[in-house]
Amino acid sequence: MNLPNAIPVVAVCCYLFLLLALMASRKTKLITTFMWVLVCSVLWTGGALLMRQHIPPSTKFWYDLSIFGLLMLSVGLLRFIQEFAGVKPGPLTWTWVALLFIAFFYNMLTGGLLGAPTFVPSESGGVFIYSMTWQVAILAVLLTAIVVHGLWIVLRMHQVDEVRARAFLPVAWGLVALLLGHVLLLLPAFAGFPIDVLSGVVFVIFVYYALYRRRILRLDLLVSRGTSYFMAAVLSTVLFTLLLQDMEKFILSNQLLGEGHDLLIVSLAFFLVTILIYTIMKRFIDSMFIKDSNLKAESLRGFSGSAAKSLEFSQVSSELVRVILRSMPVRKVYVCVAAPDEKYLRIVDSANPLDNRLTRLRMDSPVMTTLGRDDQGECLLIDEFRRTPGYRSMWDEEKRELQALDVACIMPLEGEGKLTGAVLLGPKERGARYTLDDVSFLSSVAAVASIAVKNARLYENARLEARTDDLTGLLNRKYFLQLVDSEFAARQGKSLALVSLNIDNFKLYNQLYGTKAGDEALKEIAFIISGSVGENGAVARYGGKEFAILLPGYDIHAAKTLAQNLRTQLKQINAAPGPDMVRRKPITVSGGICVIPYGASTPQELLSNVDMAIFQVKRSGRNAIQLCSGGRIEDLHAGSQRTDLKSEIYSGYASTIHALTATIDTKDHYTFNHSNNVAYYASELAMALGRTPESAEIVREAALLHDIGKIGIDESILNKTGKLTQDEMSLMREHVSKSVSIISHLPSLDYVIPAVLGHHERFDGTGYPRGLRGEDIPLLARILCVADAFDAMLSTRSYKKGLPVEEALTRLEANSGTQFDPRLVDRFVALIREGGIQVIHPNGEAAKV
């Protein structure tokens, strides 16, 4: 086989090879038109080849088929150019198609345009001679018109779309090669040489490269199993065709091989060579392409699995960065997202913790608008985007931001049909381009990540709604309490401050101005507090009219300064008249401040101390902030007024308490004396523990009222000489809830309820009525429990005799850690034995131990 005959064979094999590869690609209109070009090229080149080889049925049949392929190739190229440029075919295109069909059938039936060639035999084998007439000019004009149409589309594309025009450049070079091949065919030097066929092969290779650069085709389409088999067979056929004569001489010259086994030997050799070529090609392909594809596929599967299991957005973003770094040779990756009500994309994660994360990208910037306009979720390459009008319309600051981040590719993250985020990727190592494989992989990652981000956002929104207050947007009470515990655990031994602010007379505020105005006031208070605290702490709406602030790392002085600042700001809320020119009631707050480890040792004690501080402020006139360690933030001019007011309030409470205790005295004189004794022991122990005088007063009043519920217990049970039955014990235990019920009807005394309710709880959690354990029991209740038990052991009752003081102290120590708080027992016993607390005998006289 000589070279002129080998070129058409190679060309047809090349066309078929590319056509086979495209069978596995995604069928877009552009790919379909390219396949049309390949089919027409096969018909044109293959028909001419078979015609020259005189293959049946006839020379004219293969000639007509070749002419049909040539004519359809011209309109196929036009359609390919239109699809590449994004131009829809108009009536003119279909007119060309109709005219070409008419010309083909006219020429096939009459030969009037370009008749079939005549074969003239010769000693060298013979040649085909064409008979040219003027009618061939009609065909030439028609084809030239189609070429001009295609050139007009290319020029128009270059003016309108620089990105497409740049991507079309390899196709243009291919067209030049194709045109040049047909021009050279007219020169005598190329007579008999199929330069036009060779130029067609060059053109097709250029087109394939253009599609690859435009990320429409992948190189691994050329290296599939089917194409490997095809190439192995073609190479084997070509090899054996070229070496057939030499093999025949070798076999005939060898007596052992030439005895009728020549066909078997050639067939076996052909088979073995084909298998060898296929094996070598397959291993080469696996090392060059498949390994990388498998790595990306494995990374994508791993990311899909981990993303499906992750409901935390931070985990999803970290996995997203990790899978990109593991699968692609890039060093810079930024994950950007926007909140639903934000107009900016913020960097929330990156490949390097030291990367700049302060940059914000506008959601309505041209680059993001272009990215979100693509319904297919394709990545945007910055090199291509720079050549578009969109890039030129960007602000210089936005261009500098992209340059500072060194962004080469942007991957969209979409949710519910709109852009919700983006992943910014830096350039690939060694200046490599982003290929179709890269873009396809990133698109797959983006699809998985978009779903994962959406699910994570939904979960976080649900969790946020469960954690926040609907009206103010602050944390709610439930989550705030969890946060207190977690911060305490994380900051063992370090400072943790709690500030609580309770709005004064807010019920009256709602009655005066309406609940809507009250809600607006709450929102404004929340805005002021959260704005002042910022990132330094957590703010919660702790109750209907109460706000709590947790401040990690704050000491008592810093917390006091913040509270003073807030108190000043809140007073300004209604400083100016409203729209109706009516000056509303000023907003004042009663608050408490406590700090771990100075004023409390546990979260429960921290919360309890702050509550007690607020109670102290409320009962002493409101509009102040009490420090648990002593001290108060209040208006300077109100000092003397507050002292008088405090005395008045205490005297008012005293009369109420005296009336209640007098009522129980008429029914059970022991309970009256016992309550007075317990009030003394409890208040003294509270002062010895470093509690404020206000706390000591609260526990004293709680002690006076802790057994007031025995009014509702039958006297036969109260004075029974024997042991109580199980039912009687159950009735006796109801005195706690009865006491709380009575006190709850006196709002001015509700601050004593926690101590009264918990004075029969046990430190080991086996007490009643709630079964609280350890420091979950309020401190004042634990104090009351020790004082109550000590006086009860000293007292003589109808069912027992009183114990000596030392034995009572021994029993306190024996039950330390089970019934009583060990710290309180140790302090109380030491005070009794050292004389710091005088023992009061049941007859009311004080005596030393």
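The values are calculated or read from the model by the stated rules, or taken from the named source; none is laboratory data. What you see is a predicted model; the values in this text were computed from it and never measured. Backbone-built Cβ (ideal geometry, glycine too); neighbour counts: all protein chains shown. For accessibility, only protein heavy atoms count, side chains too; no ligands or nucleic acids. Shrake-Rupley method; radii C 1.70, N 1.55, O 1.52, S 1.80 Å.
For this structure, a couple of remarks:
- Proximity of backbone amide H atoms, modeled 1.01 Å from N, is registered between ASP707 and no other residue at under 5 Å, excluding neighbours fewer than 5 places apart on the same chain.
- Sequence-distant residues sharing a close amide H with THR420 (under 5 Å, placed H): LEU413, GLU414, GLY415
- For region 394-419 and region 58-124, distance of Cα centres in Å: 48 Å
- Of all accessible heavy-atom area on region 465-530, the percent that carbon and sulfur account for (1.4 Å): 50 percent
- Where the alpha-carbon atoms of region 52-149 are placed on the principal axes, they occupy 53, 26, 21 Å, in descending order.
- Cα-Cα separations in region 320-420 greater than 25 Å, expressed as whole percent: 15 percent
- With all protein chains modelled, accessible area of LYS454 [1.4 Å, Å²]: 90 Å²
- Given R0 = 35 Å, the distance between the Cβ atoms of LYS343 and GLN492 translates into a calculated FRET efficiency of 0.25.
- In this structure, the amide hydrogen of THR588, modeled 1.01 Å from its nitrogen in the peptide plane, lies closer than 5 angstrom to those of ASP504, counting only residues at least 5 positions away or on a different chain.
- Look at the alpha carbon pairs under 8 Å that are at least 6 residues apart: their mean separation over the length of region 721-795 gives a relative contact order of 22 percent.
- Between TYR598 and THR766, the FRET efficiency from the beta-carbon distance, with R0 = 25 Å, is close to 0.20.
- Our coupling estimate for region 439-449, obtained by passing each phi through the Karplus curve with A = 6.51, B = -1.76, C = 1.60 and θ = phi - 60°, is 5, 5, 5, 5, 5, 5, 4, 5, 5, 5, 5 Hz, Gly and Pro reported as x.
- Across region 514-576, the convex hull enclosing all Cα atoms gives 78 Å³ per residue.
- Each 10 Å bin from zero up to the one holding the largest Cα-Cα distance in region 356-507 carries the following percent of pairs: 9, 27, 24, 16, 17, 7, 1, 0.
- Cα-based Rg of region 792-846 normalised by 2.2 N^0.38 Å, two decimals: 1.17
- In sequence order, calculated HN-Hα J values of region 672-681 (Karplus, 6.51, -1.76, 1.60; Hz; x Gly/Pro): 5, 5, 4, 5, 5, 5, 5, 4, 5, 4
- Compactness of region 426-548 as Cα Rg over 2.2 N^0.38 Å, two decimals: 1.66
- Normalised by 2.2 N^0.38 Å, where N counts its residues, the alpha-carbon radius of gyration of region 754-794 equals 1.04.
- FRET efficiency for LEU184 and SER314, using Cβ-Cβ distance with R0 set to 60 Å, rounded to 0.05: 0.40
- The alpha carbons of region 674-783 give a radius of gyration and a Dmax of 14.3, 42 Å, in that order.
- Per residue, in Å², the accessible surface of region 527-573 once ligands and nucleic acids are set aside, probe 1.4 Å: 44 Å²
- Alpha-carbon Rg with Dmax, taken over region 20-76, Å: 13.1, 38
- 3J(HN,Hα) along region 815-820, derived from phi through the Karplus expression 6.51 cos²θ - 1.76 cosθ + 1.60 where θ = phi - 60°, amounts to 9, 5, x, 10, 8, 10 Hz, with x in place of Gly and Pro.
- Prolate/oblate/rounded label for region 720-811 (Cα gyration tensor, a/c 1.5): prolate
- Modelled this way, with points 7 Å down the Cα-to-C-beta line, the labels at ASP555 and VAL176 are 7.9 nm from one another.
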